[in-house]
Amino acid sequence: MFKSLFKFSAIVAVATFVISCSGTNKKPIIKFSRDSTTIIIKNIDKASLLQLKNAYAINADSIDLISVLVKPGELDRLQDEIEVIGKVNLLGDSLVFKPDLPFKKNKNYLVESFIGVQFANAGKLLSGSIKQNLQPQKQILTR
(Lines give C-alpha, C1' and ligand atoms only; values in the text may rest on other atoms or scores of the structure.)
Protein backbone atom coordinates (compact mmCIF):
# COMPACT_ATOMS: atom_id res chain seq x y z
CA MET A 1 0.00 0.00 0.00
CA PHE A 2 2.79 2.40 0.86
CA LYS A 3 4.57 1.59 -2.40
CA SER A 4 1.53 2.51 -4.49
CA LEU A 5 0.99 5.68 -2.45
CA PHE A 6 4.65 6.63 -2.96
CA LYS A 7 4.43 5.95 -6.72
CA PHE A 8 1.24 7.98 -7.01
CA SER A 9 2.70 10.95 -5.11
CA ALA A 10 5.87 10.81 -7.24
CA ILE A 11 3.78 10.85 -10.44
CA VAL A 12 1.74 13.81 -9.17
CA ALA A 13 4.93 15.71 -8.23
CA VAL A 14 6.51 15.11 -11.65
CA ALA A 15 3.29 16.10 -13.46
CA THR A 16 3.04 19.30 -11.41
CA PHE A 17 6.67 20.14 -12.18
CA VAL A 18 6.18 19.57 -15.92
CA ILE A 19 3.03 21.70 -16.02
CA SER A 20 4.63 24.55 -14.05
CA CYS A 21 7.68 24.60 -16.34
CA SER A 22 5.75 24.88 -19.57
CA GLY A 23 6.84 27.18 -22.40
CA THR A 24 4.21 29.80 -21.62
CA ASN A 25 6.33 31.34 -18.85
CA LYS A 26 8.74 33.03 -21.26
CA LYS A 27 9.30 36.76 -20.99
CA PRO A 28 8.58 39.00 -23.97
CA ILE A 29 11.57 39.61 -26.25
CA ILE A 30 12.62 43.23 -26.81
CA LYS A 31 14.91 43.89 -29.77
CA PHE A 32 15.60 46.15 -32.74
CA SER A 33 14.10 45.31 -36.12
CA ARG A 34 16.53 44.06 -38.78
CA ASP A 35 17.09 47.55 -40.19
CA SER A 36 17.21 49.14 -36.68
CA THR A 37 14.45 51.63 -37.47
CA THR A 38 11.95 50.24 -34.94
CA ILE A 39 11.89 48.37 -31.64
CA ILE A 40 9.84 45.19 -31.56
CA ILE A 41 8.39 43.42 -28.52
CA LYS A 42 7.38 39.87 -29.38
CA ASN A 43 6.67 36.59 -27.60
CA ILE A 44 3.79 38.24 -25.71
CA ASP A 45 1.58 35.74 -23.88
CA LYS A 46 -2.07 35.39 -24.91
CA ALA A 47 -3.56 37.06 -21.83
CA SER A 48 -1.31 40.12 -22.12
CA LEU A 49 -1.93 40.29 -25.87
CA LEU A 50 -5.70 40.34 -25.31
CA GLN A 51 -5.36 43.15 -22.76
CA LEU A 52 -3.14 45.08 -25.19
CA LYS A 53 -5.64 44.71 -28.02
CA ASN A 54 -8.51 45.89 -25.81
CA ALA A 55 -6.59 48.91 -24.50
CA TYR A 56 -5.30 49.75 -27.98
CA ALA A 57 -8.81 49.55 -29.47
CA ILE A 58 -10.22 51.98 -26.89
CA ASN A 59 -7.60 54.72 -27.28
CA ALA A 60 -4.27 53.96 -28.89
CA ASP A 61 -2.78 57.39 -28.18
CA SER A 62 -3.25 57.51 -24.42
CA ILE A 63 -1.74 54.19 -23.37
CA ASP A 64 1.90 54.10 -22.33
CA LEU A 65 2.94 50.57 -23.23
CA ILE A 66 6.64 51.11 -23.69
CA SER A 67 9.16 53.78 -22.74
CA VAL A 68 12.38 54.26 -24.67
CA LEU A 69 15.19 56.37 -23.22
CA VAL A 70 18.55 57.39 -24.69
CA LYS A 71 21.27 56.52 -22.21
CA PRO A 72 24.00 59.14 -21.96
CA GLY A 73 27.51 58.25 -23.08
CA GLU A 74 30.58 58.55 -20.87
CA LEU A 75 31.68 61.77 -22.56
CA ASP A 76 28.27 63.49 -22.60
CA ARG A 77 28.04 66.65 -20.52
CA LEU A 78 24.45 66.00 -19.51
CA GLN A 79 24.06 62.70 -17.71
CA ASP A 80 20.28 62.60 -18.05
CA GLU A 81 18.33 59.94 -19.86
CA ILE A 82 16.27 61.52 -22.63
CA GLU A 83 12.92 60.04 -23.63
CA VAL A 84 12.48 59.05 -27.26
CA ILE A 85 9.15 60.20 -28.68
CA GLY A 86 7.41 57.88 -31.13
CA LYS A 87 4.33 55.89 -32.02
CA VAL A 88 3.33 52.41 -30.89
CA ASN A 89 1.55 50.01 -33.24
CA LEU A 90 0.12 46.59 -32.51
CA LEU A 91 0.92 44.31 -35.46
CA GLY A 92 -0.30 40.74 -35.10
CA ASP A 93 1.19 39.33 -31.93
CA SER A 94 3.95 41.95 -31.69
CA LEU A 95 4.21 45.51 -30.46
CA VAL A 96 6.24 47.89 -32.64
CA PHE A 97 7.70 51.24 -31.49
CA LYS A 98 8.67 53.64 -34.29
CA PRO A 99 10.45 56.82 -33.16
CA ASP A 100 9.64 60.23 -34.65
CA LEU A 101 13.38 60.77 -35.29
CA PRO A 102 15.58 57.84 -36.36
CA PHE A 103 17.74 56.02 -33.83
CA LYS A 104 21.36 57.22 -33.82
CA LYS A 105 24.27 54.87 -34.37
CA ASN A 106 26.51 53.96 -31.43
CA LYS A 107 23.90 55.04 -28.89
CA ASN A 108 22.44 52.92 -26.09
CA TYR A 109 18.68 52.83 -25.62
CA LEU A 110 16.95 51.69 -22.44
CA VAL A 111 13.59 50.07 -23.18
CA GLU A 112 11.15 49.54 -20.31
CA SER A 113 7.86 47.70 -20.58
CA PHE A 114 5.28 46.27 -18.18
CA ILE A 115 3.93 43.86 -20.81
CA GLY A 116 3.77 40.34 -19.41
CA VAL A 117 5.12 41.36 -15.98
CA GLN A 118 3.70 39.32 -13.10
CA PHE A 119 3.35 40.61 -9.57
CA ALA A 120 3.79 37.26 -7.86
CA ASN A 121 3.92 33.64 -8.88
CA ALA A 122 4.30 30.41 -6.95
CA GLY A 123 8.09 30.44 -7.18
CA LYS A 124 8.34 33.94 -5.72
CA LEU A 125 5.87 33.07 -2.97
CA LEU A 126 7.87 30.02 -1.92
CA SER A 127 11.24 31.75 -2.07
CA GLY A 128 10.02 34.92 -0.34
CA SER A 129 11.32 37.22 -3.07
CA ILE A 130 8.11 39.17 -3.71
CA LYS A 131 8.63 42.90 -4.18
CA GLN A 132 6.09 45.51 -3.15
CA ASN A 133 5.61 46.96 -6.61
CA LEU A 134 5.82 45.76 -10.19
CA GLN A 135 9.24 45.90 -11.77
CA PRO A 136 9.29 46.63 -15.51
CA GLN A 137 11.14 44.43 -17.93
CA LYS A 138 14.26 46.38 -18.93
CA GLN A 139 16.46 45.86 -21.96
CA ILE A 140 19.41 47.94 -23.16
CA LEU A 141 19.73 47.99 -26.93
CA THR A 142 22.71 49.36 -28.84
CA ARG A 143 22.23 50.69 -32.36
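The values are calculated or read from the model by the stated rules, or taken from the named source; none is laboratory data. Computed from a predicted structure; not experimentally measured. Glycine gets a Cβ as well: all are built from the backbone with ideal geometry, and neighbour counts include every protein chain shown.
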Whether any residue in segment 107-114 is among the charged types (D, E, K, R) and at pLDDT 70 or above is what I want to check. yes
Residue, farthest from PRO99 (Cα to Cα), within segment 25-41, restricted to residues that are among the basic types (Lys, Arg) and modelled with pLDDT under 90: LYS26
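With respect to VAL12, determine if the residue is at pLDDT 85 or above and aliphatic (A, V, I, L, M).
no
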Do the conditions hold for PRO136, that is, is it under 15 Å from the mean Cα position of the chain (by Cα), at pLDDT below 85 and surrounded by 10 or more Cβ atoms within 10 Å (Cβ to Cβ)? yes
Report the residue count in segment 100-109 for those that are in a strand (DSSP E or B) and either surrounded by fewer than 16 Cβ atoms within 10 Å (Cβ to Cβ) or at positive phi (or both). 1
Can you report the number of residues in segment 69-86 which are within 14 Å of LYS107 (Cα to Cα) and either at pLDDT below 80 or of a type in the set (Val, Ile, Thr) (or both)? 8
